[in-house]
Amino acid sequence: MIKFDKVTKIYSPDTAVLQDVSFEIKEGEFISVIGKSGAGKTTLTRLILGLEDPTFGTVYFKDKNVADLDASEIQKIRRKIGCIYQDYKLLPGKTVYENVAYVMEVEGKGNSEINKEVPKVLELIGLKDKVDNFPKQLSGGEQQRLAVARALVNHPDIIIADEPTGNLDPYNTYEVIFLLEKINKAGTTVILLTHDREIINKLGKRVITLVGGRIIRDEAEGRFII
Amino acid sequence: MANLKRIISFGFQDFSRNKGISVAAIFVLVVAIMLVTELVFFQGVMSYLILQVQNKIDITAYFKADTQEQEILAVRDEVLEMSSNIKSVEYVSQEQALAFFNEKHKDNAVLSQALQEVGDNPFLPSLNITTNGDPLKYAEVSNILENSDFGGLIESVDFSQKKDTIEKVYSITTNINIFGIIFEIILTIVAMLVVFNTIRLGIESSKEEIATMRVVGASNQFVRGPFIIQGIIYGVVAFIICFLFSGLFAFFLSSKMSVILPGFSMWAYFLTNWWIFALIQLGFGVAVGVISAVVVVKKYLEV
């Protein structure tokens, strides 16, 4: 589904964030990418989303070179990917309901479908009583659950969760991880980027370890070892 | 179509939810539009003044004392058809010329006495010709009069004596017009920059939001659209405020302006040209609002 082929990303002449990175993610996989801050985890997601182009090498999404796609094709790919971020990246001017509905509106879905799907996802995520609240009126855990709801509502092919538990307490952390596992069991590919040792060790799934922009380990049932 | 409806609805939603930014943008737009409106009023006043000055400039063709009135009236008709630049031709008989002189100098005993000593009516019958104000046209008319078939009836044409004055007045009015246009352009640019900056500050607070919209796959049009709609709303609301304000301004200041400029009614000028005011205010407001939104959002849409 996603393939990195000898990808190198250099920002300024002497800042190589990723160096010669190659790996493949198959459909339905749950893969964790671990590494310290600055190891290049977020750059991986930006390359998949087409927000950056690799300096060398190629990133493929469903056999298509992401760097070769035009704006409308990139937008289509982004709609197939649900993103969850540490800082939530919600739309502050929209309510809980509108934040989730926006993703469907972007895709041009009809109002009847939106009115059916959004309440369903919000109920699943436990936010059905807060539909009219704005993000700033929610707790950190609720905001992250809203971000998960937004990522889920379009039934994406992939969920990319970039440090999704970084701002959460242990209770909310496990709630989010449990949700991601549940989504993965339903067939969605999940890419989890984290530096949370406990989560990785409990998951027992494939782990790619990044150090200084290079992959030093790629194990099917990996543990957090840096 | 569904997308357009959504974009419009998002635009209205953002407009009503970001009250602080909306009020600030409208306020600055109102100031800018009023500035442009003042310049339209200024142009009106200037045009009126120029017209008044130009109407006071004429060419006088003096006929020989023995010329028959019928002949002069025939010349008048010919002169009227001579050039499209001739606005009017007025016949002044010897008697009328004397009456005008007496009326004008009724308090001047020396002149009245001098006139009595002359005995006969010394004034010649004449035609007062008014053109569109361009000195070149005056010269053209003057030449035609002196060299035409009826040139033998004419004693003199006083254009050459007035030539310098006419050229001076014309040059002043032209300069005032040019200065007005330059002033207008500079003020409009300044006003546009101020509005652009205010809208830019408003959109900059949505920088993160725009980034998020892009990540979830929103097309550029879908991201940009609501901001453009907001720009249009700012422009329309500012136009309504300015139009009402201009009307009130013209109505209440009209009498005061008439004292300074007799014959000029600001209110009548506004009523005659209301659609020009509306077009300029609406066009300026909406254009500046929309252009600012497009330019600022474009910056954040570039990957």
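The values are calculated or read from the model by the stated rules, or taken from the named source; none is laboratory data. Quick caveat, the model's predicted, so the values are computed rather than measured. FYI the Cβ positions are ideal-geometry reconstructions off the backbone, even for glycines, and counts take in every protein chain you see.
A few comments on the model shown:
- Verdict on B:G180 being part of a helix (DSSP H, G or I), in the same structural domain as B:G235 (by TED's automatic domain parsing), over 29 Å from B:I229 (Cβ atoms) and not hydroxyl-bearing (S, T, Y): yes
- Residue within region B:150-157 that is free of Cβ contacts under 8 Å to residues at least 60 places away in the same chain and either surrounded by 13 or more Cβ atoms within 10 Å (Cβ to Cβ) or not assigned by TED's automatic domain parsing to the domain that holds B:Y48 (or both) present: yes
- Residue pairs whose Cβ atoms lie under 8 Å apart, separated by 6 or more positions or on different chains, with the first residue in region A:15-36 and assigned by TED's automatic domain parsing to the domain that holds A:N184 and the second loosely packed, with under 13 Cβ neighbours inside 10 Å and hydroxyl-bearing (S, T, Y), are A:V17/A:Y11.
- The number of residues in region B:4-61 being closer than 29 Å to B:T188 by Cβ, crowded, with 18+ Cβ neighbours inside 10 Å and of a type in the set (D, E, K, R) comes to 1.
- Counting only residues that are hydrophobic (A, V, I, L, M, F, W, C) and within 21 Å of B:K137 (Cα to Cα), region B:64-99 holds 6 of them.
- Count of region A:97-130 residues, restricted to those that are in a helix (DSSP H, G or I) and within 11 Å of chain B (Cβ to nearest Cβ), is 11.
- If you go through region A:85-96 and keep only what is within 11 Å of another protein chain (Cβ to nearest Cβ) and at negative phi, you end up with A:Y85, A:D87, A:L90, A:L91, A:P92, A:G93, A:K94, A:T95.
- Criterion (in contact (Cβ under 8 Å) with a residue 60 or more places away in the chain and of a type outside the set (F, W, Y)) met by exactly one of B:S171, B:S205: B:S205
- Qualifying residue in region B:224-243 (condition: modelled with pLDDT of 85 or more and within 18 Å of the chain's Cα centre (by Cα)): yes
- Qualifying residues in region A:159-175 (those that are surrounded by fewer than 21 Cβ atoms within 10 Å (Cβ to Cβ) and under 17 Å from A:V33 (Cβ atoms)) - the one farthest from the chain's Cα centre (by Cα): A:G166
Residue by residue, here is whether (1) exposed (fewer than 13 other Cβ atoms within 10 Å of the Cβ); (2) assigned to a helix (DSSP H, G or I); (3) in the same structural domain as B:I26 (by TED's automatic domain parsing) holds:
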| residue | (1), (2), (3) |
| --- | --- |
| B:F264 | no, no, yes |
| B:W275 | yes, yes, yes |
| B:L279 | yes, yes, yes |
| B:L282 | no, yes, yes |
| B:V286 | no, yes, yes |
| B:V296 | no, yes, yes |
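- The residue of region A:37-48 that is nearest to the other protein chains (Cβ to nearest Cβ), among those that are buried (at least 22 other Cβ atoms within 10 Å of the Cβ) and touching a residue at least 60 places away in the same chain (Cβ under 8 Å), is A:I48.
- Residues in region B:78-97 that are loosely packed, with under 15 Cβ neighbours inside 10 Å, part of a helix (DSSP H, G or I) and at pLDDT 85 or above: B:E95, B:Q96.
- The number of residues in region A:63-79 that are at the interface with chain B (Cβ under 8 Å from one of its Cβ atoms), among the hydrophobic types (A, V, I, L, M, F, W, C) and within 20 Å of the chain's Cα centre (by Cα) comes to 1.
- Where A:N133 falls short, out of the listed (1) more than 9 Å from chain B (Cβ to nearest Cβ); (2) part of a helix (DSSP H, G or I); (3) out of contact with any Pro (no Cβ under 7 Å at 6 or more places or on another chain); (4) within 28 Å of A:F178 (Cα to Cα): (2)
- Among the residues listed as A:K109, A:K80, A:K120, A:K94, the single one being surrounded by fewer than 20 Cβ atoms within 10 Å (Cβ to Cβ), touching a residue at least 60 places away in the same chain (Cβ under 8 Å), closer than 14 Å to A:V153 by Cβ and of a type in the set (D, E, K, R): A:K80
- Single condition A:K109 does not satisfy, out of (1) over 30 Å from A:D169 (Cα atoms); (2) under 14 Å from the mean Cα position of the chain (by Cα): (2)
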